[in-house]
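Q: My structure is below; once you've seen it, I'll send some questions.
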Amino acid sequence: MAYDAATEFTRFEPHLLSPNIGAELLGADLTNPDDTLIKEVRAALLKYQVVFFRDQHELTRAQHLDFARAFGDLEIHPATPKNQPDPEVLRIAHGPNSRGIENNWHSDVTWREEPSLGSILRAIELPEIGGDTLFSNMVLAYEDLDEGLQNRLCEMTAVHDIARVFAKRLNKDASKLHERFPPKEHPVIRTHPETGKRLIYVNVAFTDYIKGMDRDESDQLLKYLYHRAWLPEYQCRFRWAPGSLAFWDNRACQHYAASDYFPNVRIMERVTIAGDKPYFDAST
Ligand code: SIN
């Protein structure tokens, strides 16, 4: 779908979480979405990079999946247990025996050849306080860089590796994981396929190194770029409540789940929509 910045919102009222990223779409009902709602949510996603829904208490897991399918094919994450009845649902559950580990800035599954378009996360059980999710606008993070650095970065390619996070989490050797998911190369600056905007596309979770650079130099430059996501000016922070969902554009922003609720329970279900191969278009 082409980006239409002029789409009017008739099915909900966007309520901004911060000036630069994130909006709650007040009044949207996801239980029975029609084409107009899907079109408007998509336009809002492109405009705000992450959108939130409240009070979807009636939404079932099947409806969560159906809503996500309206935006594309769904992925199956290797961390999903085999034989799970809905393999496209990734359950992210923490409590007294497991501290939250999603507390690093990242964009989902950049270790894939075609990393995901977006993820839709539904709250199942929440701590009374804590476990917020933060989002950071990587378009703005790129636009605020010095022009000389922007030009240099636009020519660079980085290698992304699933093993950085999931070797330990899945209790597998990197070499074993690489048989199924070999490291992938993506441009350090990608062009968003729908908005045409440029953005920083490296993240501390999955990016391993920049090609053709001395390792120390690559580490130093990556560290600088990772830290751009940490600037509060680019961020919004979402406080979850029962019935909440978040839908973020993995091609535009990064996210971070605050791990401050241990030993309380936080259970979420994530459905991830397949994306396309990142590219850099020098003409945009
Ligand atoms: C994730 O990193 O995809 C999960 C985010 C969250 O649990 O808030």
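Q: Would you point out which residue out of T195, T207 is in contact with a helix residue (DSSP H, G or I) (Cβ under 9 Å, 6 or more places away or on another chain), surrounded by 22 or more Cβ atoms within 10 Å (Cβ to Cβ) and closer than 28 Å to E147 by Cβ?
A: Selected residue: T207, the only one of T195, T207 that is in contact with a helix residue (DSSP H, G or I) (Cβ under 9 Å, 6 or more places away or on another chain), surrounded by 22 or more Cβ atoms within 10 Å (Cβ to Cβ) and closer than 28 Å to E147 by Cβ.
Q: Can I ask one more? Taking region 164-204 as the region of interest, how many residues are at pLDDT 95 or above, touching a Leu at 6+ places or on another chain (Cβ under 7 Å) and not charged (D, E, K, R)?
A: 6
Q: Also: Is it the case that region 110-131 has a residue that's in contact with a His (Cβ under 8 Å, 6 or more places away or on another chain) and among the basic types (K, R)? Full working, then the answer.
A: From region 110-131, those in contact with a His (Cβ under 8 Å, 6 or more places away or on another chain) are 110-111, 115, 120, 122; that's our starting set.
Next cut, among the basic types (K, R) only: 122.
Scanning region 110-131 turns up at least one residue that is in contact with a His (Cβ under 8 Å, 6 or more places away or on another chain) and among the basic types (K, R).
Q: Do you know which residues across region 233-260 are within 11 Å of the ligand (Cβ to nearest atom) and in a loop (DSSP other than H, G, I, E, B)?
A: W240, S244, N250, A258, S259
Q: How many residues does region 124-136 contain that are within 10 Å of the ligand (Cβ to nearest atom) and aliphatic (A, V, I, L, M)?
A: 1
Q: Going through region 107-121 one residue at a time, which ones are among the acidic types (D, E) and either free of Cβ contacts under 8 Å to residues at least 24 places away in the same chain or crowded, with 20+ Cβ neighbours inside 10 Å (or both)?
A: D108
Q: Being aromatic (F, W, Y), surrounded by 13 or more Cβ atoms within 10 Å (Cβ to Cβ) and in contact with a strand residue (DSSP E or B) (Cβ under 6 Å, 6 or more places away or on another chain) is true for just one of F166, F135. Which residue is that?
A: F135
Q: Can you say whether I124 is of a type outside the set (D, E, K, R), surrounded by fewer than 22 Cβ atoms within 10 Å (Cβ to Cβ) and in a loop (DSSP other than H, G, I, E, B), as far as the supplied structure shows? Spell out the reasoning first.
A: Details: of a type outside the set (D, E, K, R): yes; surrounded by fewer than 22 Cβ atoms within 10 Å (Cβ to Cβ): yes; in a loop (DSSP other than H, G, I, E, B): no.
Against the criterion (of a type outside the set (D, E, K, R), surrounded by fewer than 22 Cβ atoms within 10 Å (Cβ to Cβ) and in a loop (DSSP other than H, G, I, E, B)), I124 does not qualify.
Q: Follow-up question, since we're still on this one. Do you know which of the residues in region 51-101 that are among the hydroxyl-bearing types (S, T, Y) and more than 14 Å from I267 (Cβ to Cβ) is surrounded by the fewest Cβ atoms within 10 Å (Cβ to Cβ)?
A: Among those residues, the one meeting the criterion is T60.
Q: Taking the options A43, A62, A5, name whichever one is modelled with pLDDT under 95 and among the aliphatic types (A, V, I, L, M).
A: That would be A5, the only listed residue that is modelled with pLDDT under 95 and among the aliphatic types (A, V, I, L, M).
Q: On the basis of being modelled with pLDDT of 95 or more and buried (at least 20 other Cβ atoms within 10 Å of the Cβ), does A229 make the cut?
A: yes
Q: To continue, here is another question. When region 85-112 is examined, which residues are found to be closer than 17 Å to G275 by Cα, in a loop (DSSP other than H, G, I, E, B) and either hydroxyl-bearing (S, T, Y) or in contact with a Phe, Trp or Tyr (Cβ under 9 Å, 6 or more places away or on another chain) (or both)?
A: S107, D108, V109, T110, W111, R112
Q: Where residues in region 64-123 are away from the ligand (no atom under 11 Å from the Cβ) and among the aliphatic types (A, V, I, L, M), which of them is farthest from D34 (Cα to Cα)?
A: Within region 64-123, the match that is farthest from D34 (Cα to Cα) is I76.
Q: Now a separate question. In a loop (DSSP other than H, G, I, E, B), of a type in the set (G, A, S) and within 16 Å of the ligand (Cβ to nearest atom): is that true of A282 in this structure? Please lay out each step first, then the result.
A: Numbers: in a loop (DSSP other than H, G, I, E, B): yes; of a type in the set (G, A, S): yes; within 16 Å of the ligand (Cβ to nearest atom): no.
Spelling it out, it is not the case that A282 is in a loop (DSSP other than H, G, I, E, B), of a type in the set (G, A, S) and within 16 Å of the ligand (Cβ to nearest atom).
Q: Another question, then. Looking only at residues in region 70-106 that are touching a residue at least 24 places away in the same chain (Cβ under 8 Å) and basic (K, R), which one is farthest from H227 (Cα to Cα)?
A: Restricting to residues being touching a residue at least 24 places away in the same chain (Cβ under 8 Å) and basic (K, R), the top hit is R91.
Q: May I ask you to list the residues in region 175-184 that are more than 18 Å from the chain's Cα centre (by Cα) and either under 27 Å from R152 (Cα atoms) or among the hydroxyl-bearing types (S, T, Y) (or both)?
A: First, the residues of region 175-184 that are more than 18 Å from the chain's Cα centre (by Cα): 175-183.
Across region 175-184, the qualifying residues are S175, P182, P183.
The values are calculated or read from the model by the stated rules, or taken from the named source; none is laboratory data. Treat the numbers as computed from the prediction; the structure is a model and nothing was measured. Counting neighbours? That spans all protein chains shown, and the Cβs are built from the backbone with ideal geometry, glycine included.
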